[in-house]
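Asks: Take this structure, written in structure tokens, and hold onto it; I'll ask about it next.
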Number of protein chains: 4
Amino acid sequence: MAERRSDTRQRIQQVALELFTEQGYDKTSLREIAERLEVTKAALYYHFKSKEDIVTALIEDMRGDVTEVVEWASDLPRTPEHRAEIVRHIPTVLTRSMPLLRFAQVNETALRDHPHGADLGQLMWQLLMLLSDEDADAEHQLRSVLAMAALMIGMVPLPIITAPAPERMGAAVKVALELVTGQIQSA
Amino acid sequence: MAERRSDTRQRIQQVALELFTEQGYDKTSLREIAERLEVTKAALYYHFKSKEDIVTALIEDMRGDVTEVVEWASDLPRTPEHRAEIVRHIPTVLTRSMPLLRFAQVNETALRDHPHGADLGQLMWQLLMLLSDEDADAEHQLRSVLAMAALMIGMVPLPIITAPAPERMGAAVKVALELVTGQIQSA
Amino acid sequence: MAERRSDTRQRIQQVALELFTEQGYDKTSLREIAERLEVTKAALYYHFKSKEDIVTALIEDMRGDVTEVVEWASDLPRTPEHRAEIVRHIPTVLTRSMPLLRFAQVNETALRDHPHGADLGQLMWQLLMLLSDEDADAEHQLRSVLAMAALMIGMVPLPIITAPAPERMGAAVKVALELVTGQIQSA
Amino acid sequence: MAERRSDTRQRIQQVALELFTEQGYDKTSLREIAERLEVTKAALYYHFKSKEDIVTALIEDMRGDVTEVVEWASDLPRTPEHRAEIVRHIPTVLTRSMPLLRFAQVNETALRDHPHGADLGQLMWQLLMLLSDEDADAEHQLRSVLAMAALMIGMVPLPIITAPAPERMGAAVKVALELVTGQIQSA
DNA sequence: GATGAATGAGAATTCATTCAT
DNA sequence: TATGAATGAATTCTCATTCAT
């Protein structure tokens with residue numbers, strides 16, 4: 001009763017996500033994951049049919065959060081005020097998904113030929129499109145890309161930005177707002 | 001006279017840079033590079049003592065351009081006007097280095113344990129510091145990171161930004177200026 | 001009463017025989033057999049103590065038929081007429097065993113080191129010896145081998161022989177008779 | 001000068017053919033082949049791009065002999081006399097190819113999904129068709145299959161046939177002739 | 001300025017098998 | 001009468017690297 005159903009499967013996903021992000025998907029061997037979990041490689045294959053499949057599961061798991069925010073935002077009219085609201089909302093709703101987004105960014109090339117890499121790309125694309133339009137001009141598109149980048153940097157530390165998390169997040173939202181509304185924000 | 005000094009060495013670097021960027025450093029084998037050049041793997045080892053060493057050479061080759069702009073900018077006083085001038089200057093002086101910067105970005109994890117990966121990081125750091133200060137606040141640091149990101153996106157196409165190169169570059173400079181000067185730019 | 005004794009055990013044997021013959025013993029994994037039956041691999045181990053053991057059961061099951069014909073024929077005097085009678089008898093009495101004989105032939109190498117592979121070999125040997133003698137000359141031995149081969153080809157389709165089953169069987173018996181009696185048979 | 005070109009490649013093929021025939025293709029690991037040759041597994045991969053590829057090379061190597069006899073025989077008119085001539089000719093011209101034919105027969109299932117397994121099948125088919133016709137009746141087709149089988153048994157020892165090689169071959173030719181000409185042969 | 005032949009280390013994957021429940 | 005979870009040993013294959021020529 002105390003045993004959670006398929007504890008191991010969860011732990012594999014978690015450790016894999018950590019290692020894939022830290023060292024890269026290609027540089028991380030299944031041996032390494034297995035050792036870290038103190039199981040055998042074959043145990044990984046009991047739970048996932050391939051290395052790729054671990055990634056697939058990771059993506060599947062987090063798709064929900066993104067879809068949710070996309071659906072919520074899609075109904076909003078495309079006004080600067082609503083874009084601002086979306087920007088403010090994203091950090092709270094996507095916190096749990098951030099590790100995956102970071103993983104995706106760091107493993108860009110490795111995901112290029114992954115069968116579900118495209119899916120991940122699409123998720124990010126949908127996020128971006130919340131702040132812009134497919135037929136907006138280059139500047140608008142660029143602004144929304146940068147706004148999303150700002151939010152990501154706010155949520156996960158970049159070695160270059162030394163400030164503590166809350167301050168970082170505050171700055172990120174502020175700059176992101178400026179980018180999507182085209183207005184300087186007062187602190 | 002007819003033979004340029006080490007033609008092959010140049011071709012190796014060029015092909016390697018292409019493949020490393022397209023497919024990732026880890027996913028690109030020396031066999032693949034050799035095949036593309038129609039030489040044997042052993043020939044690569046005549047010119048470079050290891051796979052890592054190709055990267056080292058790549059970095060070495062482009063370091064000059066960056067150093068140059070860094071030196072030029074370092075003498076300028078840290079005013080908004082000069083930061084703007086730097087932003088405007090970067091695209092012209094770094095065009096040749098862009099492929100390498102893109103390579104670095106795309107192979108973040110692979111370069112993490114490369115002996116000269118740190119060097120590349122430092123180059124980018126120096127570039128960033130031209131627009132900011134080590135002891136600036138989080139917002140300032142973030143702004144300069146995003147400004148550099150804007151310029152990079154301007155120079156190399158991101159699948160998401162569909163506009164043609166000149167328009168893309170124009171938008172990039174405009175947004176970058178806005179980010180580093182804190183002022184909305186008029187077209 | 002409604003449940004036949006060990007239904008599953010029978011189904012495992014049947015599916016295993018099919019797959020072993022189609023794809024070869026080595027190429028057929030227990031996973032595949034289990035999947036085809038929609039049970040787990042562990043279920044196979046409930047019924048058989050090893051993969052080898054499935055083969056053992058298969059052989060055991062069919063030994064009866066062969067033994068029967070061998071015993072019947074052993075009592076007959078070694079005359080051409082009786083050899084002819086044996087040839088004519090074999091197809092009717094061995095029809096049920098044919099799948100196993102085909103399996104044995106197709107998995108010759110795999111059965112070489114099977115503990116009961118020898119048994120199967122012996123069964124075939126006994127069959128052969130019904131038509132020949134251990135101390136017959138090379139030609140006689142060859143004739144009886146070919147006669148048995150003819151009968152087998154008659155019973156199971158070879159891709160090369162396109163005729164429908166009854167015609168095939170008729171031709172097989174005719175040629176087999178000719179081989180063991182040394183006389184051209186009239187249709 | 002004393003060094004034969006690619007000695008190793010030849011030795012790999014030879015040892016592989018031996019082991020594949022003795023133990024079966026699937027049961028023979030590259031490790032085993034490598035050990036027998038006192039080289040590393042990787043050396044095999046220098047000479048052949050996969051395990052399959054060794055088989056391909058084997059087939060390629062022997063195709064010539066078969067093609068030759070097929071071409072010679074194709075020009076002959078389809079009379080019983082010529083069929084007899086073909087039967088008599090085959091053992092001399094196919095001696096070198098026999099090991100491969102034996103390999104093919106013993107590894108029937110393993111070759112079923114080999115990309116060049118079909119090729120081998122076709123070679124045998126062509127051989128068969130020299131003694132028969134695509135639209136001959138079942139009996140004729142069966143006779144030529146058995147005649148070829150007889151010749152093969154004559155060339156390679158079957159455990160069941162104990163006679164020494166020359167006698168075996170003599171018997172084989174005799175029986176094969178009888179099968180294709182439909183006439184009892186006098187010794 | 002190259003090549004041909006080889007290696008050692010390690011990767012992903014598959015398999016038959018076991019055992020507690 | 002089964003299953004879920006796991007293992008150990010093996011397999012095919014790839015890679016960066018070396019070295020004599």
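Asks: Could you please tell me which pairs satisfy a Cβ distance under 8 Å, a separation of 6+ or placement on different chains, a first residue in region A:15-32 that is within 10 Å of another protein chain (Cβ to nearest Cβ), and a second residue that is within 12 Å of DNA strand F (Cβ to nearest atom)?
Replies: Every condition considered, the pairs that remain are A:Gly24/B:Asp26; A:Gly24/B:Ala110; A:Asp26/B:Gly24; A:Asp26/B:Asp26; A:Asp26/B:Lys27; A:Asp26/B:Ala110; A:Lys27/B:Asp26; A:Lys27/B:Ala110.
Asks: Now for a different question. Of the numbered conditions (1) under 27 Å from B:Glu22 (Cβ atoms); (2) open to solvent by 70 Å² or more (accessible area, probe 1.4 Å); (3) of a type outside the set (D, E, K, R); (4) free of Cβ contacts under 8 Å to residues at least 60 places away in the same chain, A:Pro115 fails exactly one; give the number of that condition.
Replies: It fails just one condition, (4).
Asks: Separate question: For region C:21-69, enumerate the residues that are assigned to a helix (DSSP H, G or I), over 27 Å from D:Asp113 (Cα atoms), open to solvent by less than 40 Å² (accessible area, probe 1.4 Å) and within 14 Å of DNA strand F (Cβ to nearest atom).
Replies: Correct list: C:Ala43 only.
Asks: Could you tell me which numbered condition C:Leu158 fails, if it satisfies all but one of (1) surrounded by fewer than 21 Cβ atoms within 10 Å (Cβ to Cβ); (2) farther than 20 Å from C:Phe103 by Cβ?
Replies: C:Leu158 satisfies all of (1) surrounded by fewer than 21 Cβ atoms within 10 Å (Cβ to Cβ); (2) farther than 20 Å from C:Phe103 by Cβ except (2).
Asks: Still on this model: Among (1) more than 12 Å from DNA strand E (Cβ to nearest atom); (2) modelled with pLDDT of 90 or more; (3) under 22 Å from C:Trp125 (Cα atoms), where does C:Arg36 come up short?
Replies: For C:Arg36, the failing item is (3).
Asks: Checking D:Trp125 against (1) open to solvent by 40 Å² or more (accessible area, probe 1.4 Å); (2) under 23 Å from C:Thr162 (Cβ atoms); (3) more than 19 Å from the chain's Cα centre (by Cα); (4) within 10 Å of chain C (Cβ to nearest Cβ): exactly one of these is not met. Which one?
Replies: (3)
Asks: Hey, another quick one. Return yes when C:Asp75 is within 14 Å of chain D (Cβ to nearest Cβ), surrounded by fewer than 21 Cβ atoms within 10 Å (Cβ to Cβ) and out of contact with any helix residue (DSSP H, G or I) (no Cβ under 6 Å at 6 or more places or on another chain) and no when it is not. Before you say what the answer is, go through the steps one by one.
Replies: On the way: within 14 Å of chain D (Cβ to nearest Cβ): no; surrounded by fewer than 21 Cβ atoms within 10 Å (Cβ to Cβ): yes; out of contact with any helix residue (DSSP H, G or I) (no Cβ under 6 Å at 6 or more places or on another chain): yes.
When the stated conditions are applied, C:Asp75 does not pass them.
Asks: Yes or no: region D:58-72 includes at least one residue that is away from DNA strand E (no atom under 16 Å from the Cβ) and within 14 Å of another protein chain (Cβ to nearest Cβ).
Replies: Narrowing region D:58-72 to residues away from DNA strand E (no atom under 16 Å from the Cβ): D:58-72.
Checking the rest, the ones that are also within 14 Å of another protein chain (Cβ to nearest Cβ) come to none.
Looking for residues that are away from DNA strand E (no atom under 16 Å from the Cβ) and within 14 Å of another protein chain (Cβ to nearest Cβ), one finds none in region D:58-72, hence no.
Asks: May I pose another question? When you look at B:Asp75, is it without any contact (Cβ under 8 Å) to a residue 24 or more places away in the chain, assigned by TED's automatic domain parsing to the domain that holds B:Leu151, within 16 Å of DNA strand E (Cβ to nearest atom) and more than 22 Å from B:Ile153 (Cα to Cα), yes or no? If you could, list the steps in order and put the result at the bottom.
Replies: Numbers: without any contact (Cβ under 8 Å) to a residue 24 or more places away in the chain: yes; assigned by TED's automatic domain parsing to the domain that holds B:Leu151: yes; within 16 Å of DNA strand E (Cβ to nearest atom): no; more than 22 Å from B:Ile153 (Cα to Cα): yes.
Against the criterion (without any contact (Cβ under 8 Å) to a residue 24 or more places away in the chain, assigned by TED's automatic domain parsing to the domain that holds B:Leu151, within 16 Å of DNA strand E (Cβ to nearest atom) and more than 22 Å from B:Ile153 (Cα to Cα)), B:Asp75 does not qualify.
Asks: Could you check region C:1-15 and list, in sequence order, the residues that are within 10 Å of DNA strand F (Cβ to nearest atom) and either out of contact with any Leu (no Cβ under 9 Å at 6 or more places or on another chain) or open to solvent by less than 40 Å² (accessible area, probe 1.4 Å) (or both)? Walk me through it before giving the result.
Replies: Initial filter on region C:1-15 (within 10 Å of DNA strand F (Cβ to nearest atom)): C:3-9, C:11-12.
C:Glu3, C:Arg4, C:Arg5, C:Ser6, C:Asp7, C:Arg9, C:Ile12 - these are the residues of region C:1-15 that are within 10 Å of DNA strand F (Cβ to nearest atom) and either out of contact with any Leu (no Cβ under 9 Å at 6 or more places or on another chain) or open to solvent by less than 40 Å² (accessible area, probe 1.4 Å) (or both).
Asks: Would you be able to say whether some residue in region B:168-178 is in contact (Cβ under 8 Å) with a residue 24 or more places away in the chain, in a helix (DSSP H, G or I) and farther than 19 Å from B:Leu101 by Cα? Don't jump to the end; show me each part of the working.
Replies: Here is the first cut: in region B:168-178, the residues in contact (Cβ under 8 Å) with a residue 24 or more places away in the chain are B:169, B:172-173, B:175-177.
Right, trim to in a helix (DSSP H, G or I) and you get B:169, B:172-173, B:175-177.
Those left that are additionally farther than 19 Å from B:Leu101 by Cα: B:175, B:177.
For region B:168-178, residues in contact (Cβ under 8 Å) with a residue 24 or more places away in the chain, in a helix (DSSP H, G or I) and farther than 19 Å from B:Leu101 by Cα: present.
Asks: Taking the criterion of being over 14 Å from A:Val66 (Cβ atoms) and touching a helix residue (DSSP H, G or I) at 6+ places or on another chain (Cβ under 6 Å), would at least one residue in region A:118-130 satisfy it? Walk me through how you get there before you give the answer.
Replies: Start the filter on region A:118-130 by keeping residues that are over 14 Å from A:Val66 (Cβ atoms), which leaves A:118.
Retained after the next criterion (residues that are touching a helix residue (DSSP H, G or I) at 6+ places or on another chain (Cβ under 6 Å)): none.
No, every residue in region A:118-130 fails to be over 14 Å from A:Val66 (Cβ atoms) and touching a helix residue (DSSP H, G or I) at 6+ places or on another chain (Cβ under 6 Å).
Asks: Do the conditions hold for B:Glu134, that is, is it open to solvent by 10 Å² or more (accessible area, probe 1.4 Å) and either more than 9 Å from chain A (Cβ to nearest Cβ) or closer than 28 Å to B:Thr79 by Cα (or both)? Before the answer, list the steps.
Replies: Numbers: open to solvent by 10 Å² or more (accessible area, probe 1.4 Å): yes; either more than 9 Å from chain A (Cβ to nearest Cβ) or closer than 28 Å to B:Thr79 by Cα (or both): yes.
In short, yes.
Asks: A follow-up question, please. Inspect region A:126-133 for any residue being in the same structural domain as A:Glu85 (by TED's automatic domain parsing), closer than 20 Å to B:Thr21 by Cα, part of a helix (DSSP H, G or I) and in contact (Cβ under 8 Å) with a residue 24 or more places away in the chain and give the result as yes or no. Working first, answer last.
Replies: Our first condition is that a residue be in the same structural domain as A:Glu85 (by TED's automatic domain parsing); within region A:126-133, this holds for A:126-133.
Subsequent filtering for residues that are closer than 20 Å to B:Thr21 by Cα retains none.
No, because not a single residue in region A:126-133 is in the same structural domain as A:Glu85 (by TED's automatic domain parsing), closer than 20 Å to B:Thr21 by Cα, part of a helix (DSSP H, G or I) and in contact (Cβ under 8 Å) with a residue 24 or more places away in the chain.
Asks: Only one of (1) outside the structural domain of C:His114 (by TED's automatic domain parsing); (2) more than 16 Å from DNA strand F (Cβ to nearest atom); (3) modelled with pLDDT under 95 is not met by C:Glu18, so which one is it?
Replies: Only one criterion in (1) outside the structural domain of C:His114 (by TED's automatic domain parsing); (2) more than 16 Å from DNA strand F (Cβ to nearest atom); (3) modelled with pLDDT under 95 is unmet by C:Glu18, namely (3).
Asks: More than 16 Å from DNA strand F (Cβ to nearest atom), open to solvent by less than 80 Å² (accessible area, probe 1.4 Å) and not in a helix (DSSP H, G or I): is that true of C:Pro91 in this structure? Spell out the reasoning first.
Replies: Working: more than 16 Å from DNA strand F (Cβ to nearest atom): yes; open to solvent by less than 80 Å² (accessible area, probe 1.4 Å): yes; not in a helix (DSSP H, G or I): no.
No; evaluated as a whole, the condition is false for this residue.
Asks: Right, another one. If you check A:Glu85 against the conditions, is it more than 14 Å from DNA strand F (Cβ to nearest atom), within 27 Å of A:Ala110 (Cβ to Cβ) and open to solvent by 50 Å² or more (accessible area, probe 1.4 Å)? Lay out the reasoning, then the answer.
Replies: Details: more than 14 Å from DNA strand F (Cβ to nearest atom): yes; within 27 Å of A:Ala110 (Cβ to Cβ): no; open to solvent by 50 Å² or more (accessible area, probe 1.4 Å): yes.
In short, no.
Asks: Checking A:Thr109 against (1) surrounded by 16 or more Cβ atoms within 10 Å (Cβ to Cβ); (2) away from chain B (no Cβ under 14 Å); (3) within 16 Å of DNA strand F (Cβ to nearest atom); (4) not small (Gly, Ala, Ser), which test does it fail?
Replies: (2)
Asks: Before we move on, is B:Val145 under 19 Å from the mean Cα position of the chain (by Cα), part of a helix (DSSP H, G or I) and more than 10 Å from chain A (Cβ to nearest Cβ)? Even if it seems obvious, please write down each step before you answer.
Replies: Working: under 19 Å from the mean Cα position of the chain (by Cα): yes; part of a helix (DSSP H, G or I): yes; more than 10 Å from chain A (Cβ to nearest Cβ): no.
So B:Val145 fails the test.
Asks: Being more than 16 Å from C:Ala110 (Cα to Cα) and within 9 Å of DNA strand E (Cβ to nearest atom), is that true of even one residue in region D:24-33?
Replies: So the first thing to find is which residues in region D:24-33 are more than 16 Å from C:Ala110 (Cα to Cα), and the list is D:30-33.
Of the ones still in play, those that are also within 9 Å of DNA strand E (Cβ to nearest atom) are none.
No.
Asks: Out of curiosity, is D:Ser97 among the hydroxyl-bearing types (Ser, Thr, Tyr), closer than 21 Å to D:Asp61 by Cα and open to solvent by less than 60 Å² (accessible area, probe 1.4 Å)?
Replies: Yes, satisfied.
The values are calculated or read from the model by the stated rules, or taken from the named source; none is laboratory data. This structure is a prediction, so every number in the text was calculated from the model and none was measured. Cβ atoms come from the backbone with ideal geometry, glycine included; neighbour counts cover every protein chain shown. Accessible surface areas use protein heavy atoms only, side chains included; no ligands, DNA or RNA. Shrake-Rupley method; radii C 1.70, N 1.55, O 1.52, S 1.80 Å.
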